[in-house]
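Okay, structure first, notes after.
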Amino acid sequence: MKTVSIVVPCFNESEVIDTTVAELMSVTQSIDNYQFELIFINDGSSDDTELKLLVHSQKHTNVRTISFSRNFGHQQAVSAGLDVSTGDAVVLIDADLQDPPRLIADMIEKWQQGFDVVYGTRINREGESKFKLLTAKWFYRILNSLSEVPIPLDTGDFRLMDRQVVDHLIAMPEKSRFIRGMVSWIGFNQTSICYERSARFAGESKYPLMKMVKFGIDGILSFSVKPLKLSIMMGFACSGIAMLMLLYSVYIRLLTEHWVSGWTSILVSILFMGGVQLISIGILGEYVARIYNESKDRPLYIIKKSRESDVAKADANVK
Ligand code: UDP
Ligand code: MG
């Protein structure tokens, strides 16, 4: 019998976790002919997510809990889940039930038809702010136009991947991980299923604006060197404008009477050049920072052992 691993990253998801486990349990039990392994990664939660997860792993033999030593981030949590997964296919799903677990059955069906990656494309998103909808929409479009490999639009990490894809993903050593892009890069036979993304079941988003911006920048810089080329383009544009200014100032100096004026154009051009140079240095800096991070070669995450008192508490809860 084939096994499917389900990887669920959890960061302060105490409010939703029991429902999520129950939902995943009932969905997986309704799918015949497959075994399921549920892997929950507690990404340094400060609430009692870990304790609740421990209770579930005590109760159900096919539930595993991994805890990080601190909050390492969503992509790292997913990577840890992939690293320990043993299934013939792996499903990535959020803990907040925004991605409907019932779609797992459809994903498995597509997988059986011969697709190696089945990703969920959001055709509608409920319960998100206008700002998030708009920025997400534009982000995926800009990313796609910059990236050297096509990255599907409006697609998150909710997906099923065949073992061979997972093995290639695990073998990719990069530290700035933008998993949805890396899977596109890997290739194989990929397809999508469309779904309406519902609102969070409970709790609030664990992606505040700054985390989202960082994630977006990671995505773009990991999948494109075009921003570096942008500096060259800006350089050419500025040089062009500077040439015109030069001709203009020579003209003013030689052929007109008012050549002392020109303060404004000097100021504007200095400020403009300064701005362009700073932007270019900033872009360079972003790439250098990434090279620096990669060269440090630190592990992606650190797993801790759960405290004995917590395990005992979980035990007591089960009995
Ligand atoms: N998450 C995580 N670590 C983090 C942030 C988020 O493991 O640092 C998990 C979170 O628990 C959830 C998933 O990643 O299961 C997606 O996060 P969230 O639902 O908050 O993002 P949104 O859907 O708002 O983009
Ligand atoms: Mg969510």
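The values are calculated or read from the model by the stated rules, or taken from the named source; none is laboratory data. Predicted, not measured: the structure shown is a model, and the values here were computed from it. Heads up, the Cβs are rebuilt from the backbone with ideal geometry, glycines too, and the neighbour counts pull from every protein chain shown.
So which helices (runs of 4 or more DSSP H) are wholly in segment 15-126 and hold at least 3 residues that are within 16 Å of ligand 1 (Cβ to nearest atom), within 16 Å of R163 (Cα to Cα) and of a type outside the set (D, E, K, R)? I'd like the intermediate steps shown before the answer.
Values: elements: 49-59, 74-84, 103-112.
Where helices (runs of 4 or more DSSP H) fall fully within segment 15-126 and carry at least 3 residues being within 16 Å of ligand 1 (Cβ to nearest atom), within 16 Å of R163 (Cα to Cα) and of a type outside the set (D, E, K, R), they are 74-84.
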Practice prompt. Kindly indicate whether any position in segment 301-317 is on the phi > 0 side of the Ramachandran plot, assigned to a loop (DSSP other than H, G, I, E, B) and either within 25 Å of the chain's Cα centre (by Cα) or modelled with pLDDT under 90 (or both).
Written response: no
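Matching residues to (1) surrounded by 11 or more Cβ atoms within 10 Å (Cβ to Cβ); (2) under 34 Å from the mean Cα position of the chain (by Cα); (3) under 30 Å from K175 (Cβ atoms):
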{"residue": "L255", "(1), (2), (3)": "no, no, no"}
{"residue": "G262", "(1), (2), (3)": "yes, no, no"}
{"residue": "F272", "(1), (2), (3)": "yes, no, no"}
{"residue": "G275", "(1), (2), (3)": "yes, yes, no"}
{"residue": "I279", "(1), (2), (3)": "yes, yes, yes"}
Here the residues within segment 35-82 that are away from ligand 2 (no atom under 16 Å from the Cβ), of a type in the set (A, V, I, L, M, F, W, C) and farther than 17 Å from E308 by Cα are F36, L38, I39, V63, F72, A80, L82
Within segment 4-34, residues being surrounded by 15 or more Cβ atoms within 10 Å (Cβ to Cβ), hydroxyl-bearing (S, T, Y), over 13 Å from V63 (Cβ atoms) and away from ligand 2 (no atom under 16 Å from the Cβ) number 1
- Query: So is S192 within 21 Å of E294 (Cα to Cα) and of a type outside the set (D, E) or not?
  - Reply: no
The lone condition I108 fails out of (1) within 13 Å of ligand 2 (Cβ to nearest atom); (2) under 24 Å from T3 (Cα atoms); (3) not aromatic (F, W, Y) is (1)
In segment 178-195, residues that are assigned to a helix (DSSP H, G or I) and β-branched (V, I, T) total 3
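Does at least one position in segment 172-188 carry a residue that is within 16 Å of ligand 2 (Cβ to nearest atom) and either crowded, with 17+ Cβ neighbours inside 10 Å or closer than 28 Å to N71 by Cβ (or both)?
Keep residues of segment 172-188 that are within 16 Å of ligand 2 (Cβ to nearest atom), which gives 179-180.
Now restrict to residues that are either crowded, with 17+ Cβ neighbours inside 10 Å or closer than 28 Å to N71 by Cβ (or both): 179-180.
Looking through segment 172-188, at least one residue is within 16 Å of ligand 2 (Cβ to nearest atom) and either crowded, with 17+ Cβ neighbours inside 10 Å or closer than 28 Å to N71 by Cβ (or both).
So that you can scan it fast, the table gives a plain yes or no per residue for (1) more than 15 Å from G156 (Cα to Cα); (2) in contact with a strand residue (DSSP E or B) (Cβ under 9 Å, 6 or more places away or on another chain); (3) of a type in the set (G, A, S); (4) surrounded by fewer than 19 Cβ atoms within 10 Å (Cβ to Cβ):
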position: S69; (1), (2), (3), (4): yes, yes, yes, yes
position: A80; (1), (2), (3), (4): yes, yes, yes, no
position: T86; (1), (2), (3), (4): yes, yes, no, yes
position: A95; (1), (2), (3), (4): no, yes, yes, no
position: R102; (1), (2), (3), (4): yes, no, no, yes
position: A105; (1), (2), (3), (4): yes, no, yes, yes
position: Y119; (1), (2), (3), (4): no, yes, no, no
Reported set for segment 127-158 where residues are within 15 Å of ligand 1 (Cβ to nearest atom), assigned to a loop (DSSP other than H, G, I, E, B) and touching a residue at least 60 places away in the same chain (Cβ under 8 Å) is G127, E128
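Counting only residues that are part of a loop (DSSP other than H, G, I, E, B) and touching a residue at least 60 places away in the same chain (Cβ under 8 Å), which one in segment 206-216 is nearest to R180 (Cα to Cα)? So that I can check it myself, show each step before the final result.
First, the residues of segment 206-216 that are part of a loop (DSSP other than H, G, I, E, B): 206-208.
Subset that is touching a residue at least 60 places away in the same chain (Cβ under 8 Å): 206-207.
Values: K206: 18, Y207: 17 Å.
Out of the qualifying residues, it is Y207.
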Residues in segment 213-234: is at least one of a type in the set (K, R), under 17 Å from the mean Cα position of the chain (by Cα), within 16 Å of ligand 2 (Cβ to nearest atom) and surrounded by 13 or more Cβ atoms within 10 Å (Cβ to Cβ)? no
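So which residues in segment 166-219 are of a type in the set (S, T, N, Q) and either within 16 Å of ligand 1 (Cβ to nearest atom) or at positive phi (or both)?
Quick first cut of segment 166-219, residues of a type in the set (S, T, N, Q) only: 176, 184, 189-192, 198, 205.
Result: S176, S198, S205.
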So, first residue under 25 Å from R102 (Cα atoms) in segment 160-187, second residue of a type in the set (S, T, Y) and not in a helix (DSSP H, G or I), Cβ within less than 7 Å, six or more apart or across chains; the pairs are V166/S85; R180/T155; G181/S147
